[in-house]
Amino acid sequence: MRIALAQCLPRTIDLAFSSLTSLIAQAKAQQVNLLIVPEMFLTGYNIGVEACSVQALSLQDPHFQALQSLAREHQIALVLGFPERDQEAIYNSAAFIDECGEVLSVYRKTHLYGAVDHAQFSAGNALCQPFSWQGWRCALAICYDMEFPEVARSYALQHVELLLVPTANMHPFDLVCRHTIPTRAAENTLYIAYANYIGHEGEFEYCGQSCIADPYGQVLARAGHDAEELLIAELDKTTLQTARQALTYLTDRRLELYRF
């Protein structure tokens with residue numbers, strides 16, 4: 001399977017759709033099956049409480065349905081971050097839309113980071129339910145979720161093979177991009193795709209360094225810290241199977257020793 005990550009500047013909702021169309025065209029030109037873009041891609045992340053409320057979408061909103069149409073028209077699956085409205089609550093959400101325009105999963109960020117997340121959003125109350133796509137068992141996480149080992153481990157124990165992570169990670173937390181993500185991939189023997197922003201948004205300076213890590217923790221593709229890039233990588237089940245035979249962390253755990 002061929003996937004692409006878009007590392008980009010944060011954009012307003014007016015520009016996000018045209019930007020997404022361009023990214024889809026670039027990805028399709030390189031025979032990509034799945035495109036992942038950063039956290040809150042449709043509106044920008046650090047936009048304030050009022051803007052989040054005004055711009056939040058329900059799954060029935062025409063703007064969201066337009067995203068489904070884009071996926072269907074171009075025959076490409078998408079992972080998109082957006083502010084989701086559910087009655088009075090606003091969530092920091094990510095949706096997986098398949099190449100037929102069907103929504104296979106919507107995940108609401110469970111681990112809120114700092115003042116911005118807590119001011120703008122309600123926390124989701126459950127991790128993503130793993131789902132199947134193109135023969136792969138997939139799940140979603142968002143940014144700060146990945147800094148909790150339990151999140152990736154929970155998915156690994158549910159036999160997830162590909163973890164898709166829109167993010168808005170900023171300086172000085174480059175260590176997450178450089179070290180945490182590859183480590184999570186290896187210790188749980190799964191692929192992780194981590195799509196970040198660059199540039200400034202309010203007080204935040206995003207650190208880029210988006211990456212795709214394989215189940216050995218090897219980085220298949222990595223972006224720089226200050227340029228817009230489209231990262232592409234091939235994923236294969238053979239690597240997944242051999243890694244799970246070589247790295248036996250999941251089966252070697254001694255649960256009787258751990259106290260949580």
task: Report, in degrees rounded to the nearest 10, the 0 to 90 angle that the Cα long axis of helix 13-29 makes with the longest principal axis of the chain.
output: 50
Inter-label distance, nm, simple model (7 Å from Cα along the C-beta direction), E229/D14: 3.1
message: In whole percent, and with a 1.4 Å probe on the protein chains, what portion of the accessible area of segment 129-260 is carbon and sulfur?
response: 52
field: Rounded FRET efficiency, nearest 0.05, which uses the C-beta distance separating Q134 from T242 and R0 of 22 Å
entry: 0.60
statement: 1/(1 + (r/R0)^6) with r = Cβ-Cβ of Q65 and Q218, R0 = 35 Å, i.e. FRET efficiency to nearest 0.05, evaluates to 0.35
- prompt: Dividing the Cα radius of gyration by the Kirkwood radius, what Rg/Rh value follows for segment 143-208?
  reply: 1.01
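Ignoring ligands, DNA and RNA, what accessible area per residue does the chain give at 1.4 Å, in Å²?
42
Using 0.36 nm per residue, how much length does the chain from L255 to N125 gain when fully extended, once their Cα-Cα distance is taken away? Intermediate results must be reported in sequence, preceding the final value.
Details: separation 130, 0.36 × 130 = 46.80 nm, distance 2.53 nm.
Result for the pair: 44.3 nm of gain on full extension.
Kirkwood hydrodynamic radius (Cα pairs, Å) of the chain? Could you put the intermediate results ahead of the total?
Working: mean 1/r = 0.0550 Å⁻¹.
Averaging 1/r across every pair of different Cα atoms and inverting gives 18.2 Å.
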message: Through the Karplus equation 6.51 cos²θ - 1.76 cosθ + 1.60, θ set to phi - 60°, convert the phi angles of segment 55-66 into ³J(HN,Hα) values in whole Hz; use x for Gly and Pro.
response: 9, 5, 10, 8, 5, 8, 5, x, 5, 5, 5, 5
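Suppose only helical runs count, i.e. DSSP H with n ≥ 4. What mean residue ellipticity at 222 nm does that imply for the chain under -39500 (n - 2.57) per run, divided by all residues and rounded to the nearest 500 deg cm²/dmol? Could the numbers behind the result be given before it?
Values: 8 runs with 75 residues, N = 260.
Dividing the helical sum by the residues of the chain leaves -8500 deg cm²/dmol.
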query: Roughly speaking, what is the centre-to-centre gap between segment 99-123 and segment 34-62 when only Cα atoms are used, to the nearest Å?
result: 9
- line: Between Q26 and R72, Cβ-based FRET efficiency (R0 22 Å, step 0.05) works out to 0.75
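May I ask you to list the GluC sites (Glu not before Pro) in segment 160-260 that are in a DSSP loop and have at most 13 other Cβ atoms within 10 Å of their Cβ?
Working: sites: E161, E187, E201, E203, E205, E228, E229, E234, E256; in loops: E161, E203, E228.
In loop regions of segment 160-260 (DSSP not H, G, I, E or B), the sparsely surrounded GluC sites (Glu not before Pro) are E203.
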Tail fraction, Cα-Cα pairs, segment 80-123, threshold 14 Å, whole percent: 49
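The values are calculated or read from the model by the stated rules, or taken from the named source; none is laboratory data. Just so you know, these numbers come straight off a predicted model, no measurement behind them. Every residue, glycine among them, receives a Cβ derived from its backbone with ideal geometry; neighbour counts consider all protein chains shown. These accessible areas exclude ligands, DNA and RNA; they are computed on the full protein's heavy atoms, side chains included. Shrake-Rupley method; radii C 1.70, N 1.55, O 1.52, S 1.80 Å.
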